[in-house]
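Worksheet: one structure, shown below.
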């Protein structure tokens, strides 16, 4: 499984391929600055780990990983920046992601490619991240925990799911097969676990700074005590991990290593 420097190199190489000398240098530098900023590269690592598990060729997996990282960067820019050039750099990342993704056309069956491309587009739009960010704006003190889970499933979970389901699509693994269902369940629970961990870490950081800001309804701790949130998340993720292991055996090890990173953080926080 490639580490973050490997993925960083693939990202840099993709930028070199799709930005020619005629393009505006300020846009290139803005895209490069945002895309190559230090990060966990978790979604791209998941895509490659899933590809290893299902034995999808690496030269197909890497463009998928790069496209997902570009789309993730785009969503971060949309949410956090109001500077015109930075916004343009985020907008540029969407067609760049599609350009990179299109490199795998011809390397897999046409029907598999079309299904995977549709999933890539869907995970970003109204039924994915953008829809989740919009839903987050509608959460109020009257919203339920189920409302929050549905929001997180789009806002955070969509790219996590895409990172695992796109490789599955490209290998022609059916959504309804036991293997496909196990991957889908694992993807959903891993995305929810990551969001819960992010919420808990955010709360801990504010507590250490002695901030007294009120917990908003887009935060897991608005609905559950810390211990209950951790325990519930660990149990659900553990169930998904067992399902993945029972279907894929030792081949699931690359994905399980990433899952263990999140589990260990949740467990260490619960004893802190």
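Okay, residues lined up against (1) buried (at least 17 other Cβ atoms within 10 Å of the Cβ); (2) free of Cβ contacts under 8 Å to residues at least 40 places away in the same chain; (3) at negative phi:
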position: 143; (1), (2), (3): yes, no, yes
position: 161; (1), (2), (3): yes, yes, yes
position: 167; (1), (2), (3): yes, no, yes
position: 178; (1), (2), (3): no, no, yes
position: 183; (1), (2), (3): yes, no, yes
position: 191; (1), (2), (3): yes, yes, yes
*Quick one: in region 115-129, of everything that is more than 12 Å from residue 166 (Cβ to Cβ) and surrounded by fewer than 19 Cβ atoms within 10 Å (Cβ to Cβ), which residue is modelled with the lowest pLDDT?*
125
*From the list 234, 224, 255, pick out the single residue that is outside any helix (DSSP H, G or I) and touching a helix residue (DSSP H, G or I) at 6+ places or on another chain (Cβ under 9 Å).*
224
*Is there any pair linking a residue in region 32-61 that is at positive phi to one that is outside any helix (DSSP H, G or I) and modelled with pLDDT of 95 or more, with Cβ under 8 Å and at least six apart or on different chains, and which?*
55/171
*From the options 68, 85, residue that is touching a helix residue (DSSP H, G or I) at 6+ places or on another chain (Cβ under 7 Å), in a helix (DSSP H, G or I), touching a residue at least 40 places away in the same chain (Cβ under 8 Å) and surrounded by 23 or more Cβ atoms within 10 Å (Cβ to Cβ)*: 68
_Any residue that is touching a helix residue (DSSP H, G or I) at 6+ places or on another chain (Cβ under 7 Å), under 30 Å from residue 245 (Cβ atoms), at pLDDT 95 or above and part of a loop (DSSP other than H, G, I, E, B) - is there at least one of those in region 160-168?_
no
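The values are calculated or read from the model by the stated rules, or taken from the named source; none is laboratory data. Note that this is a predicted model, so its numbers are computed, not measured. Note that each Cβ is placed from the backbone with ideal geometry, even for glycine, and that neighbours are counted across all protein chains shown.
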